[in-house]
Amino acid sequence: MICILNSCTFLKLGSNIHKPGSEMLAVRCYESLILKAEGKVESDFFCQLGHFNLLLEDYPKALSAYQRYYSLQSDYWKNAAFLYGLGLVYFHYNAFQWAIKAFQEVLYVDPSFCRAKEIHLRLGLMFKVNTDYESSLKHLQLALVDCNPCTLSNAEIQFHIAHLYETQRKYHSAKEAYEQLLQTENLSAQVKATVLQQLGWMHHTIDLLGDKAAKENCAIQYLQKSLEADPNSGQSWYFLGRCYSSIGKVQDAFISYRQSIDKSEASADTWCSIGVLYQQQNQPMDALQAYICAVQLDHGHAAAWMDLGTLYESCNQPQDAIKCYLNATRSKSCSNTSALAARIKYLQAQLCNLPQGSLQNKTKLLPSIEEAWSLPIPAELTSRQGAMNTAQQASKTHHPKTEPVLGLSQTPILQQPLPVQMIPSSQVDGLSSPVKKKRTSSPVKSLEQLHANKDNLNPAQKLILEQLENHFVSMQQEQGEVKHSELIGASSCHLHLLMAQSNAGRRYRVRVEALVLAAGVSGGFGASSGSEQGQCHQQV
């Protein structure tokens, strides 16, 4: 007998009224019936099938079933439950234009729809992403006054309203809304920690909230209270480190950054800030390693590339500085491309006026960018971060209910990977020419290419190639050996970037890549991706 999904059952998404496995049984029944009838069934069957697949969070099948219903039912627009389910599917895929249209049609067809609060909430979030702040506020406030249940609690909806004010740069209104939310009885620890975190960061970054000394004091107090509510928030530890850094408490800043990394939330922003602290303390090598960690975690981190370029400039290594600035201009998060382009042209003009061979004869204070890229610390950190990302992706795969779009301080944004690669010296002069080489081949193939181009390598590169070839033979004999060690440690005056050997194969891979890039040989390997990041400290 076919299971029929009544409207009340479907519209109470997220409730526990279903018997375990009942949705799957219903899906199998519908699919079996449709298959036997060779698809010649009433359109409602496809609508019901879409509902059940949506309850199972099988969004591709739900969308397919809804599309069949849409094509068969001429007056589909009268079915509020269908429009609601279709809107949820579009929302899941971040197809906001279509999700907004579907949800608005639900409210038009049935203004008293029992899931209207959920619709207003999601419309508010989508309009917020689309920067239609007036519509966003209207729908979030309608969701707040509705007494029916929805995905978020009223406290979380209040948080989004306060964050909306902050996004609009209405900082005093946002501050009042956050503080009012803190007065709520039985406020959950997560909401409390997030609200305090936002208040702390606002006081650190917004000049309108008072004089610098008072603001920083308030910011530190808010962030400390946030960490009392959620000690495992790496983001709050990072913000606290930024506050300590701004008032010159270097040791406290390093300790906070270390805590941020220890909470398994090592980010490019954190390592970029560590690099800035090292540079301020006149420790260029430590700063270099921290910046390399940042750009290996996020190849498109414009602030880290700019800071790294500034570091190379301060050490009188203009060629490496140009490469870093070029990588910064290729990042989507770069906000001052024109200034960087002017700086690159200035450095290129300086290089043209230097006597031939003067740079080669000069002792370098820092390793070149290609050499720094293969240092053990960033290589191992990239390996660790890659393992973390893999674990997070696996967690999302096994727990499809995880929707960051509805989380605190998070809004739905469809992020695209931004490949940014290291730039060989031959490409430094071509500011407008993008890097087109894909790094997809294996280390073995790259070694073969290097060996074939051996005559074109300089003596130092030939020596490195010989070492790599010898090491490859030994690796074949010792394949699979892995060592582990502590990620990071701290001393009384500064944070040591200590990472012992961990993955010999990955480290060897990075060394070969560095030689390929330095020699300008076609081919390479390693996927790179970028993500949206906030700006760090220094600007060119």
Calculate the spin-label point distance for T205 paired with Q281, positioning each point 7 Å from the Cα along the beta-carbon direction, and give it in nanometres.
2.6
Label points 7 Å out from Cα along the Cβ direction at S338 and E42: separation in nm?
6.5
How much of the accessible area of the stretch 41-136, probe 1.4 Å, is carbon plus sulfur, in whole percent?
50
Along principal axes, Cα extents of the stretch 52-109, largest first, whole Å
26, 24, 16
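Which shape class, rounded, prolate or oblate, goes with the stretch 115-178 when its Cα gyration tensor gives a ≥ b ≥ c as root eigenvalues, a/c under 1.5 marks rounded, and past that a/b bigger than b/c marks prolate?
Numbers: a/c = 2.48, a/b = 1.44, b/c = 1.72.
Oblate, because a/c is 1.5 or more while a/b does not exceed b/c.
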Cα-based shape type of the stretch 205-245, given that a ≥ b ≥ c are square roots of the gyration tensor eigenvalues and the cut on a/c is 1.5
prolate
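Do any trypsin sites (Lys or Arg not before Pro) in the stretch 30-112 lie in a DSSP loop with no more than 16 other beta carbon atoms within 10 Å, and if so, which?
Values: sites: K36, K40, K61, R68, K78, K101; in loops: K40.
Answer in residue order: K40.
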How high is the FRET efficiency between K101 and H172 when r is their beta carbon distance and R₀ equals 51 Å, given to the nearest 0.05?
0.90
Among the trypsin sites (Lys or Arg not before Pro) within the stretch 121-217, which fall in a DSSP loop and have no more than 15 other Cβ atoms within 10 Å of their own Cβ?
R169, K170
How far apart, in nanometres, would the label points at L35 and N232 be if each is projected 7 angstrom from Cα along the Cα-to-Cβ direction?
4.3
If ligands, DNA and RNA are left out, what is the accessible area of L196 with a 1.4 Å probe, given in Å² to the nearest 10?
10
Under a point-charge model restricted to the Cβ atoms of Lys and Arg (+1) and Asp and Glu (-1), what is the dipole moment magnitude of the stretch 115-178 relative to its Cα centre, in debye to the nearest 20?
60
For the stretch 183-277, just say rounded, prolate or oblate: build the C-alpha gyration tensor, square-root its eigenvalues into a ≥ b ≥ c, call rounded for a/c under 1.5, and beyond that prolate if a/b exceeds b/c, oblate if not.
oblate
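The values are calculated or read from the model by the stated rules, or taken from the named source; none is laboratory data. Keep in mind that what you see is a predicted model, and the values were worked out from it rather than measured. Quick reminder, even Gly has a Cβ in these numbers, built from the backbone with ideal geometry, and neighbours come from all protein chains shown. Just so you know, the surface numbers come from the protein's heavy atoms only, side chains and all, with ligands and any DNA or RNA stripped out. Shrake-Rupley method; radii C 1.70, N 1.55, O 1.52, S 1.80 Å.
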